[in-house]
Amino acid sequence: DGGEFGDVWEENGDTWVEVKPRYRRRAVGSGGKQALGGRPFLEAEVSTAAFKFSSSTMRNHFNMSLNDAAKALGICATAIKKVCRKMGILKWPYQKLKPIQRKLARLREQLQASPHLGGAGELQQHIALLELKQEALLKGEDVEVNDL
């Protein structure tokens, strides 16, 4: 479990969630190889300050895998999932963003290679549609990506 959740509030158009870390149940200083170091040796080394995450902070990390984002934010992946659900984001969008970004890169390459050939308008329309889907995913909206 990633911690206890405090308040959820709106401020300047952003949704904010407060996550309060909770103590692990193991004794101080114990923990094997699998425990990533276990608990600190001194209780004073344990931070009890709450983390505050905004929806824009989360959106800035959507281009990373969930585990990479968790490392960057300094909390576990489970806590990120819970924060996202509190903010109305049902699923971490990275897995849906990857194919859209790959397809956009491929289409832009095709367009640059042959801008004057027939079908350039169709390519630009497809690029615009993919950019809209990418933008929606980066906002935290759920988008269908099966028709790429």
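The values are calculated or read from the model by the stated rules, or taken from the named source; none is laboratory data. Quick caveat, the model's predicted, so the values are computed rather than measured. Don't worry about glycine lacking a Cβ; one is built from the backbone with ideal geometry, like all the others, and counts go over all protein chains shown. Areas reflect the complete protein model, heavy atoms only, side chains present, ligands, DNA and RNA absent. Shrake-Rupley method; radii C 1.70, N 1.55, O 1.52, S 1.80 Å.
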Filtering region 64-100 for residues that are open to solvent by 40 Å² or more (accessible area, probe 1.4 Å) and either in contact (Cβ under 8 Å) with a residue 60 or more places away in the chain or assigned to a helix (DSSP H, G or I) (or both) leaves a count of 15
Within region 101-138, of all residues that are aliphatic (A, V, I, L, M) and either over 26 Å from ASN60 (Cα atoms) or in contact (Cβ under 8 Å) with a residue 60 or more places away in the chain (or both), the one surrounded by the fewest Cβ atoms within 10 Å (Cβ to Cβ) is ALA113
The condition of being in contact with a Leu (Cβ under 8 Å, 6 or more places away or on another chain) and not polar (S, T, N, Q) holds, among GLU135, GLU131, GLU122, GLU141, only for GLU131
Filtering region 101-148 down to residues that are over 16 Å from the mean Cα position of the chain (by Cα), among the hydrophobic types (A, V, I, L, M, F, W, C) and part of a helix (DSSP H, G or I) yields LEU104, ALA105, LEU107, LEU111, ALA113, ALA120, LEU123, ILE127, ALA128, LEU129, LEU130, LEU132
